[in-house]
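*Asks:* So that we are looking at the same thing, I have put the structure below in structure tokens.
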Amino acid sequence: MSDIGKNCDNQCNSVKNSCENIFAKCFFSLPPKQFSLLSSLIGILLIDNLDLDQQNALGNFIVNVGQAILTSAAQAQTLQNNNSQNDYIRKQIQILKQQIDMLEKQLDS
């Protein structure tokens, strides 16, 4: 690929990433009520011109996507909490070791 083609690809990727970042920033900064309202509006718009079977299939698909995201987030949070708890325990052990050292110094004095 020529330098011009690579440069064009880089610019397109940069614009795409910039648009995705702006969308994510706006999407995830919505207040709870507006966030819920947006999801309801999108749901209503998606069911236009769909029969009942299609609505069921699409609804189940979206629920499954949401469940996968929630499962992933829950596992990540569990691992993060375990790491935080381990860090806390390590700090407590360090404090106890320092206290033991101080007590040993007092005994040796």
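The values are calculated or read from the model by the stated rules, or taken from the named source; none is laboratory data. None of these values were measured; they are calculated from a predicted model. Neighbour counts run over all protein chains shown; Cβ positions are idealised from the backbone, glycine included.
*Asks:* Which is loosely packed, with under 10 Cβ neighbours inside 10 Å, of a type in the set (S, T, N, Q) and modelled with pLDDT of 90 or more, of Asn49, Asn60?
*Replies:* Every option except Asn49 fails the conditions.
*Asks:* Test Leu107 against the criterion of being of a type outside the set (S, T, N, Q) and loosely packed, with under 10 Cβ neighbours inside 10 Å, and give yes or no.
*Replies:* yes
*Asks:* Could you run through region 53-109 and say how many residues are within 30 Å of Ile42 (Cα to Cα) and of a type in the set (Val, Ile, Thr)?
*Replies:* 5
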